[in-house]
1. Through the Karplus equation 6.51 cos²θ - 1.76 cosθ + 1.60, θ set to phi - 60°, convert the phi angles of the range 94-111 into ³J(HN,Hα) values in whole Hz; use x for Gly and Pro.
2. List the residues, sorted by chain then number, that are 5 or more residues from LEU141 or on another chain and whose placed amide H is less than 5 Å from its amide H.
3. Kindly flag which residue pairs out of LYS203/LYS286; LYS275/LYS298; LYS163/LYS190 have an alpha-carbon separation exceeding 28 Å in this structure.
4. What are the ³J(HN,Hα) values, in whole Hz, obtained from phi via the Karplus relation 6.51 cos²θ - 1.76 cosθ + 1.60 with θ = phi - 60°, for each residue of the range 430-441 in sequence order, with x given for Gly and Pro?
5. With charges set only on the Cβ (+1 for Lys and Arg, -1 for Asp and Glu), what does the dipole of the range 336-426 come to about its Cα centre, in debye to the nearest 20?
6. Can you list residues from other chains, or at least 5 along the same chain, whose modelled amide H is less than 5 Å from the amide H of ASP188?
7. Skipping prolines and chain starts, which residues have an amide H placed within reach, meaning under 5 Å, of the one on TYR270, given they are 5 or more residues away or on another chain?
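Bear in mind these aren't lab numbers, they're just calculated from the coordinates by the rules spelled out. Since this is a predicted model, take the numbers as computed values, not measurements. Positions of Cβ are generated from backbone atoms using ideal geometry, with glycine treated the same way; all protein chains shown enter the neighbour counts.
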Amino acid sequence: MLRSFKLVQIYYFGIRVSASQTLLTSGLTYKQSSWKQSGTIRARVRFNPSRCKVRVMPAGFENKKSKTKASFTPSVNSKDITTKFQEYFTQIKDPRVERTRYHLLTDIITIAILAVIAGASGWEDIEEYGISKQEWLKTFLQLPFGIPSPDTFRRVFERINPKEFEQCFRQWVQSLVEKLGVEVVAIDGKTHRGSYDRESKLKALHTVSAWSSEHRLVLGQTKVSSKSNEITAIPALLDILDISGCIITIDAMGTQKLIAEKIIAANADYILSLKDNHPTLHQQVKNWFEAAQSIGFKDIDIGISQRIEKGHHRIEKRTVYTVPVSQIPGLYQLDLWGGLKTIVMVVRSIQHWNKTTHEVQFYITSLINDANKIASAIRQHWGIENSVHWTLDVTFHEDECRIRSLHSPQNFALLRRIALNALERESSFRRSIRQKSRRAAMNDHYMLSVLAAALSNSVPLP
């Protein structure tokens with residue numbers, strides 16, 4: 001039986017598609033296979049009716065709750081938003097020979113950034129995004145020869161100077177955060193596991209990043225030389241950041257006297273993890289805390305901060321003990337650690353189902369004996385692991401990425417961090433980074449919202 005309705009709402013894999021169509025109720029088949037998805041340009045998709053959920057609205061029904069337009073209408077401010085965002089990357093020199101520049105460098109970089117925000121993890125993904133959004137991209141990009149090919153994207157990002165790209169990235173971040181206040185800046189390294197090349201004996205790319213816990217932004221990134229390690233990369237990263245007044249937290253690899261001195265010289269404080277890479281100092285601190293605990297810290301000027309968290313079938317108890325260095329007699333090489341004031345012990349007890357585990361970690365810090373402040377800073381350091389490295393691997397598939405030629409691994413890593421910062425800044429859609437990325441891929445108006453949020457002075461959206 002053939003029946004006509006004013007409005008048919010169809011949900012296909014959770015995505016609403018709307019059209020005034022003729023619905024054949026027998027067998028749930030459709031006369032047409034072209035539909036308009038709300039908020040995007042026209043796309044031709046062939047649906048499997050068995051996967052559809054159909055809601056039929058009576059004639060004259062008006063969905064007053066939904067404010068989404070049936071099709072995308074370019075915003076009058078879309079060009080203003082994208083042009084302002086592009087300005088931060090205009091200083092990058094075009095590495096191509098002039099006679100081969102069929103596509104504008106700003107177009108290539110802009111498409112790549114938008115595609116990575118939308119979840120692209122390779123050159124083919126970037127081209128596919130550009131093709132699917134070509135009509136929308138034409139509203140603010142020139143695209144004289146259409147969308148560049150995957151090989152064009154690859155060749156350009158292989159040859160872009162990563163130092164120039166990183167400098168543009170830092171200038172953009174500085175426009176978002178003009179000056180860092182008294183906050184925690186976590187510094188940590190990450191290996192891009194998929195960037196190795198066994199045939200050419202190329203090691204995997206290793207980078208060091210700085211993360212602002214308060215602003216939830218990646219502040220900077222630098223590459224670790226294949227013939228060096230984080231010990232030389234961390235000072236280089238500190239040199240390009242304004243860390244005055246900040247608390248710098250670094251894992252054991254960065255627990256070095258020269259790094260501590262550089263942080264103090266920059267009018268900042270440090271919390272450095274103390275492990276077996278400093279065996280004498282580590283053992284001395286461990287023995288002292290064990291002896292002090294055995295007498296219940298009697299007659300010792302000690303600060304204690306305790307926190308208990310419950311969830312996911314586990315109970316985690318963290319106890320932080322802080323003691324001034326003056327309480328530990330004959331501390332090994334005390335004079336060589338610039339500004340060292342406090343020694344810290346963190347005891348973690350984790351009960352998961354019927355199993356209980358205990359962990360003990362030690363730190364040295366230039367902060368005064370304030371257990372609550374130190375405990376909070378140590379806790380915030382894990383933001384770079386949970387909010388940056390984990391998100392880059394799970395949402396942006398960084399470890400799986402096999403881009404590895406010339407400068408492309410380093411430049412693509414920076415594209416991911418640009419995308420992460422932009423998505424973190426957008427706050428109107430309070431969901432995970434993954435869900436924000438998916439929405440940006442499907443909704444061009446939301447993509448503009450992400451770009452607007454990534455500007456120092458947000459451009460108002462209509």
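1. For the range 94-111, the Karplus curve yields 6, x, 8, 5, 4, 6, 9, 8, 6, 10, 5, 4, 5, 5, 5, 5, 5, 4 Hz.
2. Placed amide hydrogens put nothing under 5 Å from LEU141.
3. Checking Cα-Cα distances, LYS203/LYS286 exceed 28 Å.
4. Calculated HN-Hα couplings, in order: 7, 9, 5, 4, 4, 5, 4, 4, 5, 5, 4, 5 Hz.
5. That gives the range 336-426 a dipole magnitude of about 180 debye.
6. Sorted by chain and number, the residues that satisfy this are SER209.
7. Close amide H contacts, sequence-distant or interchain: ILE248, SER366, LEU367.
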